[in-house]
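All remarks here apply to the structure that follows.
The values are calculated or read from the model by the stated rules, or taken from the named source; none is laboratory data. Since the structure is predicted, the reported quantities are computational estimates derived from the model, not experimental observations. Backbone-built Cβ (ideal geometry, glycine too); neighbour counts: all protein chains shown. Note: accessible area is taken over every heavy atom of the protein model, side chains too, but ligands, DNA and RNA are not part of it. Shrake-Rupley method; radii C 1.70, N 1.55, O 1.52, S 1.80 Å.
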Amino acid sequence: QMSNRPSDEVWVTSTLINLSGVDQSGLDMRVAYSRDTNWGMFSGQVSATYLNEYIEKVLPSEPPQDLAGTFDGDALFPEWRAFMQLGWDYEGFTVGLNATFIPSVDDTGLGAPYYKVDSYQAYDFRVGYDFSQLNENNGLRVTLGINNFTDEDPVLIPSESNQSADISNYDPIGRFYYVEASYKF
């Protein structure tokens, strides 16, 4: 701070000091395979994330916490999660199945005793046809689908303050039907 005081009285105020921190380690994996056969192209892939640790230190006076496998009142930190896709393409027809899986976690947001949050799985299905297979001048493609066709509700998380569910990780809409049409010319 500069002022009209004598020149030997100069103060420097630095308010931007890191008082907290996060250290994390984990692994992201993806395995994909496709095979062209007489019955069309079959494909599949699995993407997964493994969270070994998520160490958070909020204040210098508090001990660090490992949040892996928890919901801490603000965010979800599952130890792992997976997403799978299966597909089949044949002469303009496409069929696909997607699956999402999040294992159970501990809700630590309200303090001990912990609440065990259930695991979550949801499935999406789609079928489509590319009409350019009938006539190469036709660029119409139509897809019908159902997201979350098992109508899985988001899991209950008591310490989540807005909806009692983490809607950024769990599907809040439920079963959802859709039709998609696109045309290329």
For the chain, alpha-carbon Rg and Dmax in angstrom = 25.2, 89
√(5λ) per eigenvalue of the Cα gyration tensor, region 79-185, largest first, Å | 39, 13, 9
How many nm is it between the label spots at residue 31 and residue 138, if each spot is 7 Å from the Cα in line with the beta carbon?
-> 4.0 nm
Along Cα→Cβ, 7 Å out, is where each label goes; now give me the distance between the ones at residue 19 and residue 114 in nm to one decimal.
-> 2.8 nm
Share of accessible surface on carbon and sulfur in region 81-185, whole %, 1.4 Å probe and ligands ignored, is 54 percent
Probe 1.4 Å, accessible area per residue of region 64-148, Å² | 55 Å²
Kindly provide log₁₀ I(q)/I(0) values, in the same order as q = 0.20, 0.26 Å⁻¹, from the Debye equation applied to equal alpha-carbon scatterers of region 111-155.
-> -0.75, -0.90
Local electrostatic count at residue 53 - Lys and Arg +1, Asp and Glu -1, tallied over other residues with Cβ under 13 Å | -3
Output ordering of 91-100, 20-29 (per-residue mean of other Cβ within 10 Å, highest first) is 91-100, 20-29
When the C-alpha atoms of region 26-95 are aligned to their principal axes, what extent does each axis show, in angstrom, from largest down?
-> 66, 20, 13
